[in-house]
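Structure first, then comments.
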Amino acid sequence: MSKIKEMITYLLGTVGVSIFSFILSILYSRFFIPADYGMFSLTYSIYNLGFQFFTGWMTHSILRFYPLYNETEKKEKILLNTILFTLIFAGVLYSVLTILGILLFSLNTTSDISLLIFSIVFYFEGALLIFNTFLRSSGQSKQYSKNITFNSLGKSLVLLVLYYIFNIHNVLIIVISLFISDFAQTIYLVWKLKITKSISINLFNKNLFFKLIKYGFPLLGTSLIFWVIQSSDKFIISFFKSSNEVGLYSYGYQMGFTLFYTFTNAIMLGAYPRITEAYIKFGKKQAESVISKYMQIYLYMVAPAVIGIVFTGKDIIYLICDEQYWACYPIFIITCISFAVFGLIQYTNKSWELSERTEMILKLNIMSAVINVIINFIFIPQYGYIIGAISTLVSFLVHIVISLILSRGFITYRIPFKYLRNIIVANIVMINSILLFKMYFTIDLARLFIMIIFAAGVYFFILLILKDENLSSICSILLKRKEDV
C-alpha cells in the first residue's frame, strides 16, 4: 500500500511537470520556426553531453549509498558535501572546456552565447539534481514533486515574459529561461533545506569520493551512451538533411520525451530507493518482490497511456502545435512508445545495479547505441528523419530482451497472468471506446480532452469490474487518505 501511495505522490507532482512542459513545447512551436528550433536543439545536445559526462553518475551513487549514510546527521552531511564539492570541481572544468570549445569550434553567435550561459546553468541544474535526489532517497516525495512542478512553471513564465514584455524573439530566450528558473529554485532550496548550515569543505571525504566514483563510473558510461541514443540522430539528420528537418524531428522527439519520460520516471521515482533498501536490509528475495510489485504498477499505468497515444497522437499534434510542426506527429508517437519501453529497462537494470555488476549496463547500452547509430547512418539518407525515432525504439527493445535473458540467474520478475489479462482486456475495451468516440464526433481541443478522460474512465471501469487488486489499492488511498498524498 505504501509503495502505491508514494508512487501516486510522485505521479501527482509529475502531472504538473508534464502540463507545463507541454505548454513550453506549444510555445516553442508558436514562437520559433523549425530551422531555429533545430539549431537550439543541437546546441542543447552539446551542453547535455557535458552535463551527463560530469553528473550522470551522481543520482545512482546517491541512491545507492544514502541508505548507508543516513544513520547519523554527520554521515549524511559527509555524503552531501562530498557530492556538492565534486559538482563544483566538475563545473569549473566544464566551464574551461566550454570556453576552449567556443574558441576552437565557434558555431554561430547565438549558439556560442547559449553555450556560455549553459556553463553557468550547469552549477544550478547540478545542485537541483543533488538536492532532489536526496529528497527522493529520504522518501520526501511531496517536496520533490513541488520542486519539479515549480521549476517547470518558472520556465514557462519566464519564457512568456521575455517574449511578450521584453520582445526578445530569439531562441536564446529558451536558455535564459532555464538559467533564471534553475537559479531561483536553487536559492530557494538552499534556504528551505538550510543547506548553508551543512556545507563545509572539511566534510569532504576523499575515500567516499573514490567509492562513489568507483560505483558510478560504469553508469557514467551509461549516461554518455544514452546521450548517443538520444542525440546522435539529430547530428546525423543535420549531416544528411536540412536544419528544418532537424527541427521537426527534435520537436516531435522532445514532445514524446517530455510526456513519456516524465510520466514513466514519476512512476519509478519511488521505486529506486525502496528497491535498494529492500536489498540491503532483507536480501535478494525481498528485492525481487519489491521490483515485481513496481513492475506490475508500471504496466498498469503505462499500458493505457501508450495505447491512448497511438490512437490520439496525431490529433494532439494537429490541435496544439503550429501548422509548420504537424509533420512531426509520427516521431511523437514512436518516441512515446520508445520511452515506455525505456521505463521497463530501468527495472531490468536493477539486477545489475544490486549485484554491483554495473559494467553489464554499460555493455548493454553500448550495444544499443551501436545499433541506433548503424540504423541511422544506413536508412536516414533514404527514408528521412523518421528513422531516428524507429532506431531508438529498436535499440531499446533489443536492450530489454538481452537484459532479461542475461539476468535470469539473479532476479526473477513475477507478474501474475491474471494481472496481464486484466490489462489486455481493459485496453481492448478502451480502444473501442476511442474509435467509437472518433466515429461520432469531430475532434477539436475540448473534445480531445473529453475523449481522453472518457477513455481513461472506461479503462478503470473495466478494471473495477474485473476486481483488479491494484486498482482497489489506489482507489483506497485516493478516497481515504487524500490528505496524505
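For this structure, a couple of remarks:
- Neighbours of PHE240, meaning other residues whose beta-carbon lies under 12 angstrom from its beta-carbon, give a summed charge of 0 when Lys and Arg score +1 and Asp and Glu score -1.
- Debye, to nearest 20: dipole size of the stretch 136-254, +1 on Lys, Arg Cβ, -1 on Asp, Glu Cβ: 700
- The Cα atoms of the chain cover 64, 55, 45 Å along the three principal axes, with the biggest extent listed first.
- Counting other Cβ atoms within 10 Å as a rough exposure proxy, the listed residues MET360, MET367 run MET367, MET360 from fewest neighbours to most.
- Projecting the Cα atoms of THR186, LEU299, SER289 onto the dipole axis of the chain, where Lys and Arg carry +1 and Asp and Glu carry -1 at the beta carbon, places SER289 farthest toward the positive end.
- Under the convention that each Lys and Arg Cβ holds +1 and each Asp and Glu Cβ holds -1, the size of the dipole of the chain around its Cα centre is about 1620 debye.
- Contour excess over end-to-end distance, with Cα ends at PHE210 and ILE402 and 0.36 nm allotted per residue: 66.0 nm
- Relative contact order computed over the stretch 328-410 (Cα-Cα under 8 Å; 6+ residues apart), in percent: 45
- Oblate is the label for the stretch 331-463, because the ratio a/c of its alpha-carbon gyration tensor axes (a ≥ b ≥ c) is 1.5 or higher and a/b is not greater than b/c.
- Unit charges at the beta carbon, dipole of the chain: most positive-side option, ASN170, ILE62, TYR253: ILE62
- Here the stretch 278-349 is treated with +1 on each Lys and Arg Cβ and -1 on each Asp and Glu Cβ, and its dipole about the Cα centre works out to around 620 debye.
- Protection proxy ranking of 57-70, 187-200, 369-382 - average other beta-carbon atoms within 10 Å, highest first: 57-70, 369-382, 187-200
- Environment charge at GLY38 (Cβ cut-off 15 Å; Lys +1, Arg +1, Asp -1, Glu -1): -2
- Charge dipole of the stretch 10-128 about the Cα centre (unit charges at C-beta), most positive-ward option of SER106, PHE31, SER41: SER41
- When shorter helices are ignored and each DSSP H run of at least 4 residues is given -39500 (n - 2.57), the per-residue value for the chain at 222 nm works out to -28500 deg cm²/dmol.
Read-outs throughout are calculated quantities, based only on the coordinates presented, and are distinct from any laboratory measurement. Please read these numbers as outputs of a predicted model, since none were measured by experiment. Using ideal geometry, Cβ is built from the backbone for each residue, glycine included, and neighbour counts are taken over all protein chains shown.
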